[in-house]
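Below is one structure, written out as structure tokens, with a few remarks after it.
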Amino acid sequence: AQTIHQWPVAEIKAVGSPLSLGCTIKGKSSPNLYWYWQATGGTLQQLFYSITVGQVESVVQLNLSASRPKDDQFILSTEKLLLSHSGFYLCAWSLREVFFGKGTRLTVV
Amino acid sequence: GDKVKQSPSALSLQEGTNSALRCNFSIAATTVQWFLQNPRGSLMNLFYLVPGTKENGRLKSAFDSKESYSTLHIRDAQLEDSGTYFCAAEASSGSWQLIFGSGTQLTVMP
């Protein structure tokens with residue numbers, strides 16, 4: 001069975017500090033991968049998607065970047081966090097239907 | 001404007017009653033998904049729809065691509081149905097985007 005694992009579960013980081021969030025998908029070969037962001041009480045906004053290793057497309061510009069170094073791994077990062085980066089980050093995979101990980105709650109202080 | 005308009009934004013139901021949620025699309029949606037988000041943030045997949053209808057227990061969903069809307073019907077609401085329901089549409093442009101509605105916060109009361 002396919003599983004999706006996100007890490008860390010939660011982070012409290014200072015403004016201006018770097019960030020790296022990770023996601024691995026097991027049990028599926030060459031899935032499409034996605035990063036979503038959700039403000040508290042808000043809807044989900046797609047940030048990035050990747051169809052294949054090494055290729056990532058940006059959907060919105062939020063001073064974040066993403067990379068797919070392996071088929072089953074998706075990384076979200078930034079060198080300098082802003083207060084506006086606070087929220088809930090969700091990784092997802094699909095072949096057709098989209099399935100989400102349990103998310104990382106980020107608080108920037 | 002909103003590409004996926006979801007209504008109502010909030011809803012309170014007595015246990016055992018029925019209700020319907022709706023999403024209207026201003027994009028040419030090819031598929032629709034419905035999710036239930038729990039207070040911890042986890043998203044549960046409810047339905048994946050191409051145009052047509054699906055039923056699963058007390059839930060039933062329909063997607064009409066010509067009229068650009070989707071509905072989610074909840075029958076005999078239970079306390080565990082509480083949470084935030086989201087619809088999401090995949091645009092036909094092939095842009096690999098799943099566009100979410102703003103959600104419906106459902107509270108089922110005993």
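Here, each number is a calculation from the coordinates, and none is a lab measurement. These numbers were taken from a predicted model, which means no experiment stands behind them. Every residue, glycine as well, gets a Cβ built from its backbone with ideal geometry; the counts of neighbours run over all protein chains shown.
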Q.
I'd like the FRET efficiency for B:HIS73 and B:SER42, computed as 1/(1 + (r/R0)^6) with the beta carbon distance as r and R0 of 30 Å, rounded to 0.05.
A. 0.85
Q.
From the phi angles alone, apply the Karplus equation (6.51, -1.76, 1.60; θ = phi - 60°) to the range A:77-94 and give each ³J(HN,Hα) in whole Hz, x where the residue is Gly or Pro.
A. 8, 7, 8, 9, 6, 10, 4, 5, 7, 4, x, 10, 10, 10, 9, 8, 9, 7
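To the nearest 0.05, what FRET efficiency results for B:THR107 and A:GLN45 with a Förster distance of 35 Å applied to their C-beta separation?
For B:THR107 and A:GLN45, the calculated efficiency is 0.90.
Which GluC sites (Glu not before Pro) in the range B:32-93 sit in a loop by DSSP (not H, G, I, E or B) and have at most 11 other Cβ atoms within 10 Å of their own Cβ?
Details: sites: B:GLU55, B:GLU67, B:GLU80, B:GLU90; in loops: B:GLU67.
For GluC sites (Glu not before Pro) across the range B:32-93 that sit outside H, G, I, E and B with at most 11 neighbouring Cβ atoms in 10 Å, the list reads B:GLU67.
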Q.
Please compute the modelled spin-label separation between B:LYS66 and A:THR3, points set 7 Å along Cα→Cβ, answer in nm with one decimal.
A. 4.6
Q) Counting pairs of alpha carbon atoms under 8 Å apart in space and at least six apart in sequence, what relative contact order in percent does chain B give? A) 37
Q | For B:LEU13, distant residues with modelled amide H under 5 Å away | A | B:THR107, B:VAL108, B:MET109
Q: Give a residue-ordered list of calculated ³J(HN,Hα) values for the range B:18-24 (Karplus: 6.51 cos²θ - 1.76 cosθ + 1.60, θ = phi - 60°; whole Hz; x for Gly, Pro).
A: 10, 7, 9, 10, 9, 10, 10
Q. With the Cα gyration tensor of the range A:3-108 giving a ≥ b ≥ c as the square roots of its eigenvalues, does the rule (a/c under 1.5 for rounded; else a/b larger than b/c for prolate; else oblate) give rounded, prolate or oblate?
A. prolate
Q | Pair A:SER30, B:ALA20: separation of 7 Å Cα→Cβ label points (nm) | A | 4.2
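So if we plug the beta-carbon distance of A:SER20 and B:SER92 into 1/(1 + (r/R0)^6) with R0 = 35 Å, what FRET efficiency do we get, rounded to 0.05?
Approximately 0.50, to the nearest 0.05.
Considering only the other residues whose Cβ falls under 11 Å of the Cβ of B:LYS60, what net charge follows from Lys and Arg at +1 and Asp and Glu at -1?
Working: positive: B:LYS54, B:ARG58, B:ARG75; negative: B:GLU55.
Once all neighbours under 11 Å are counted, the net charge is +2.
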Q. Using θ = phi - 60° and the Karplus form 6.51 cos²θ - 1.76 cosθ + 1.60, what ³J(HN,Hα) does each residue of the range A:95-109 get, whole Hz, x for Gly and Pro?
A. 10, 9, 6, 9, 10, 10, x, 7, x, 10, 8, 10, 10, 9, 10
Q.
Please give the Cα centre distance for the range B:21-43 versus the range A:19-97, rounded to the nearest Å.
A. 19
Q) Given the protein assembly as shown, what count of lysine pairs have C-alpha atoms under 28 Å apart, with each pair 8 or more places apart or on different chains? A) 22
